[in-house]
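Asks: If you scroll down you'll find the structure; I have some questions about it.
The values are calculated or read from the model by the stated rules, or taken from the named source; none is laboratory data. The structure presented is a predicted model; accordingly, all values stated were derived computationally and were not measured. Quick reminder, even Gly has a Cβ in these numbers, built from the backbone with ideal geometry, and neighbours come from all protein chains shown. Heavy atoms of the whole protein, side chains included, go into the accessibility calculation; ligands, DNA and RNA do not. Shrake-Rupley method; radii C 1.70, N 1.55, O 1.52, S 1.80 Å.
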Amino acid sequence: MRHASTLQRLSAATAPFLALQPERVEGRVNALSGLAIDIAGLGAHVSLGDRVLLESRRGGTVSAEIVGFGGESTRAMAFGAMDGIGPGSAALLTRGRGAAGLPVSNASLGRVVDPLGRPIDGKGALEPGPHQRNPRANPPDATTRARLGERLETGVRVLDAFTTMRGGQRLGLFAGSGVGKSTLLSMLARQTACDVAVIALVGERGREVREFLEDDLGPDGLARSVVVIATSDAPPLQRREAAYAAMTIAEHFRDQGKSVLLMMDSVTRFCLALREIGLSAGEPPATRGYPPSVFAELPRLLERAGPGPILPGGRAGQITGLFTVLVEGDDHNEPVADAVRGILDGHIVLDRKIGEAGRYPAVDVLRSLSRAVPGCHSPEERDLTIRARRILATYGDMEDMIRLGAYRAGSDPAVDEAIAVMPALETFLRQAKGERSGLPQSFAALSAALETRNGP
């Protein structure tokens, strides 16, 4: 009995010491290969996604994230340049420095921030929010989400008429380089009916950032926007984190019951960053060099957009997502494009030939669709768009013969109608950058174009 009593007293005395967390945990860099840093001594204290600080031999520290484990080594990747990091450099994990949260608040409206939430527009520090959000949050539970909202006016005729969007919908914008993708995004950022716009420029050219902010977005567009930027020279962790940060900021405003427009340019560069991270962490390449984790991560990100959970009072915020996909070599069946198309609620295709012919936005109507259209068009509007699509298809099939003069008028009434209507329909599909058209005006203009007849 006396022995048992002694053990109990010892156990009670040592319990507080066992519960203590270390104030400082330090490992050492023992290898660096490409983008990956191997650290010894941290394996028992860190988890995937935790942050550490690497001490540079030149002074200062570099933030890094744990991306994998191998044997007794912990593998990390840096958020910044690794100059000055060498064998034996300290890797510090201090209390409170686990998987970092993202500071978000309403003060971010009208601001430009980096992927870690730090302002980079020279307008001073951001007012801290009451709490931080997890950049890797799970999507809302499928059974508690609201349904899609009312149809959304984008101000772009061809989109409002043929790929009509609803609040909370997610669409992909598929285009090769130089086809007018950024210009279309700027029109949508300024003109779409929403409370807040969150714009992620992932891997964007640094030269174009100021042009986008000052010329394309403008002061009025920026005032209701939050812009997250990671340029093409940023490390892959920064480019990946830009997408997570933008989604997290959008969720902050969605949870206030607001209608949020999230535009991400581009999902392809997000996937390229994931590929660099995965390969450096030791994953084997699979589909066209992409490791399997890329296609597991895509739905986890994209599913977070959409209608939010129903709030008290029955209302719900929503994130309407527009995600651009930079198709390689204009191949719309490449792995990223194919995966994104299967996840989202529709796609808008920009065609290089249409752009080269001088029609902007260069939207290929026949290859674009919105899965929300059946639930938001009236019978009259549906008949208009079906007829217009039929005319575009007919003219496309016969275009070469018409241009060569091989078609004889009167041979086919459908072709005759297409020839008569196409000039007015082309005018309808063409829209200047600063021009805006409402939903009712768009359908009225389409109706007028289809009733136009040219020639005898």
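Asks: So if R0 is 60 Å, what FRET efficiency would Arg57 and Leu366 give, r being the distance between their Cβ atoms, rounded to the nearest 0.05? It would help to have the intermediate numbers written out before the result.
Replies: Details: r = 60 Å, r/R0 = 0.99.
It comes to 0.50.
Asks: Sticking with this structure for a sec: Taking the Cα centre as origin and putting +1 on Lys and Arg beta-carbons and -1 on Asp and Glu beta-carbons, what dipole magnitude results for the stretch 276-362, to the nearest 20 debye?
Replies: The calculated dipole for the stretch 276-362 is roughly 400 debye.
Asks: Shape verdict for the stretch 328-410, please, from the Cα gyration tensor: rounded (a/c under 1.5), prolate (a/b greater than b/c) or oblate.
Replies: Judged from the Cα gyration tensor, the stretch 328-410 comes out oblate (a/c at least 1.5, b/c at or above a/b).
Asks: Looking at Gly88, Ala64, Thr74, which one has the Cα that reaches farthest to the positive end of the dipole of the stretch 53-123 (charges on Cβ: Lys, Arg +1; Asp, Glu -1)?
Replies: Ala64
Asks: Would you compute, from DSSP H runs of 4+ residues alone, the mean residue ellipticity of the chain at 222 nm, taking -39500 (n - 2.57) per run and dividing by the full residue count, rounded to the nearest 500?
Replies: Working: 13 runs with 160 residues, N = 456.
Calculated at 222 nm, the ellipticity per residue is -11000 deg cm²/dmol.
Asks: Which of rounded, prolate, oblate describes the stretch 110-188, given a ≥ b ≥ c as roots of the alpha-carbon gyration tensor eigenvalues and a/c under 1.5 marking rounded, otherwise prolate only if a/b is larger than b/c?
Replies: Oblate is the answer for the stretch 110-188, as a/c is 1.5 or above yet b/c matches or exceeds a/b.
Asks: Ranked highest first by average number of other Cβ atoms within 10 Å, how do 427-440, 182-195, 51-64 line up?
Replies: Highest-to-lowest ranking by the protection proxy: 182-195, 51-64, 427-440.
Asks: Right, something else. Enter the accessible area per residue of the stretch 339-456 (Å², integer; probe 1.4 Å; all protein chains in place). Present the calculation step by step, with values, prior to reporting the outcome.
Replies: Numbers: 6230 Å² over 118 residues.
Heavy-atom accessible area per residue stands at 53 Å².
Asks: Would you be so kind as to identify all helices of the chain, as entire DSSP H runs, whose Cα atoms reach 27 Å or more along the helix's own axis and whose mean Kyte-Doolittle hydropathy is at least -1.0?
Replies: Values: long enough: 236-254 (28 Å, -0.46); 379-404 (38 Å, -0.61).
Counting only whole DSSP H runs, the qualifying helices are 236-254, 379-404.
Asks: Using the Karplus curve 6.51 cos²θ - 1.76 cosθ + 1.60 with θ = phi - 60°, what ³J(HN,Hα) values do you get for each residue of the stretch 219-231, in whole Hz, with x for Gly and Pro?
Replies: 3J(HN,Hα) across the stretch 219-231, in whole Hz: x, 5, x, 5, 4, 10, 10, 10, 10, 10, 10, 9, 6.
Asks: Return the equivalent ellipsoid semi-axes of the chain as a descending list in whole Å, where each equals the square root of 5 times an eigenvalue of the C-alpha gyration tensor.
Replies: On the way: eigenvalues 522, 115, 80 Å².
Equivalent ellipsoid of the chain: 51, 24, 20 Å, largest first.
Asks: Quick one: if the Förster radius is 56 Å, what FRET efficiency do Asp412 and Gln132 give, using the C-beta to C-beta distance and rounding to 0.05?
Replies: 0.30
Asks: Whole Å is fine, so just give me how far the alpha carbon centre of the stretch 236-287 lies from that of the stretch 137-190.
Replies: Distance between centres, Cα-based: 17 Å.
Asks: Additional query: Let me check against my output: what whole-number percent is the relative contact order of the chain, with C-alpha pairs under 8 Å and at least 6 apart?
Replies: It comes to 16 percent, rounded to a whole number.
Asks: Give me the number: length gained by fully extending Ser11 to Asp83, i.e. 0.36 nm times residue separation minus the C-alpha to C-alpha distance, one decimal in nm.
Replies: Roughly 21.1 nm would be gained on extension.
Asks: With a point put 7 Å past each Cα toward its Cβ, work out how far Ile386 is from Met401 in nm, to one decimal.
Replies: Those two pseudo-labels are separated by 2.5 nm.
Asks: Residue separation times 0.36 nm, minus the C-alpha to C-alpha distance between Ala444 and Ile120: what's the value?
Replies: 112.3 nm
Asks: Looking at the chain, what % of its DSSP beta bridges pair antiparallel, to the nearest 5?
Replies: 55 percent
Asks: Can you work out ³J(HN,Hα) from phi for every residue in the stretch 116-122, in order, using Karplus 6.51 cos²θ - 1.76 cosθ + 1.60 and θ = phi - 60°, giving whole Hz and x for Gly and Pro?
Replies: 9, x, 8, x, 10, 9, x
Asks: Under the Karplus relation 6.51 cos²θ - 1.76 cosθ + 1.60, θ = phi - 60°, what is the ordered set of whole-Hz ³J(HN,Hα) values for the stretch 147-161, x standing for Gly and Pro?
Replies: 7, 4, x, 5, 5, 10, 8, 9, x, 10, 3, 5, 6, 5, 7
Asks: What order, most packed first, do the peptides 102-113, 207-218 have when packing is the mean number of other Cβ atoms within 10 Å of each residue? The partial results should precede the final answer.
Replies: Working: 102-113: 18.8, 207-218: 14.9.
Going by the mean number of other Cβ atoms within 10 Å, highest first, we get 102-113, 207-218.
Asks: Here is a further query. Using the charge dipole of the chain (Lys, Arg: +1 at Cβ; Asp, Glu: -1 at Cβ; taken about the Cα centre), state which of Gly167, His252, Ala388 has its Cα farthest towards the positive end.
Replies: His252
Asks: Which Rg and Dmax, in Å, describe the Cα atoms of the stretch 30-71?
Replies: Answer for the stretch 30-71, Rg first and Dmax second: 10.6, 30 Å.
Asks: If you take the beta carbon distance between Glu328 and Arg24 as r and set R0 to 35 Å, what does 1/(1 + (r/R0)^6) give as a FRET efficiency, to the nearest 0.05?
Replies: 0.15
Asks: Hey, another quick one. For a quick check: with amide H placed at 1.01 Å from N, whose amide H comes under 5 Å from Val226's, ignoring anything fewer than 5 positions away on the same chain?
Replies: Amide H neighbours of Val226, under 5 Å, 5+ apart: Gly110, Ala197, Val198, Ile199.
Asks: Of the heavy-atom accessible surface of the chain (probe 1.4 angstrom), what whole percent is carbon and sulfur? The partial results should precede the final answer.
Replies: On the way: 11090 of 20910 Å².
Taking all protein chains in place, the chain shows 53 percent carbon and sulfur surface.
Asks: What is the Cα centroid distance between the stretch 298-361 and the stretch 377-410, reported in whole angstrom?
Replies: 27 Å
Asks: Sticking with this structure for a sec: Please compute the modelled spin-label separation between Glu356 and Arg207, points set 7 Å along Cα→Cβ, answer in nm with one decimal.
Replies: 2.3 nm
Asks: On full extension of the chain, what length is gained from Thr143 through Ser232, given 0.36 nm per residue of separation minus the C-alpha to C-alpha distance?
Replies: 28.2 nm
Asks: Shifting gears a bit: Where the only charges are on Cβ atoms (+1 Lys, Arg; -1 Asp, Glu), what is the dipole of the stretch 74-160 about its Cα centre, to the nearest 20 debye? Present the calculation step by step, with values, prior to reporting the outcome.
Replies: Details: 12 positive and 8 negative charges, 57 e Å.
The dipole of the stretch 74-160 has a size of about 280 debye.
Asks: Taking the highest mean first, how do the peptides 375-385, 241-251 order by number of other beta carbon atoms within 10 angstrom per residue?
Replies: In decreasing order of mean packing, 375-385, 241-251 become 241-251, 375-385.
Asks: Also, I was wondering about something else. Charges at C-beta only: +1 for Lys and Arg, -1 for Asp and Glu. How large is the resulting dipole of the chain about its Cα centre, in Debye rounded to 20?
Replies: My answer is approximately 1260 debye.
Asks: Please compute the net charge surrounding Arg240, taking Lys and Arg as +1 and Asp and Glu as -1 over other residues with Cβ under 15 Å from its Cβ.
Replies: -2
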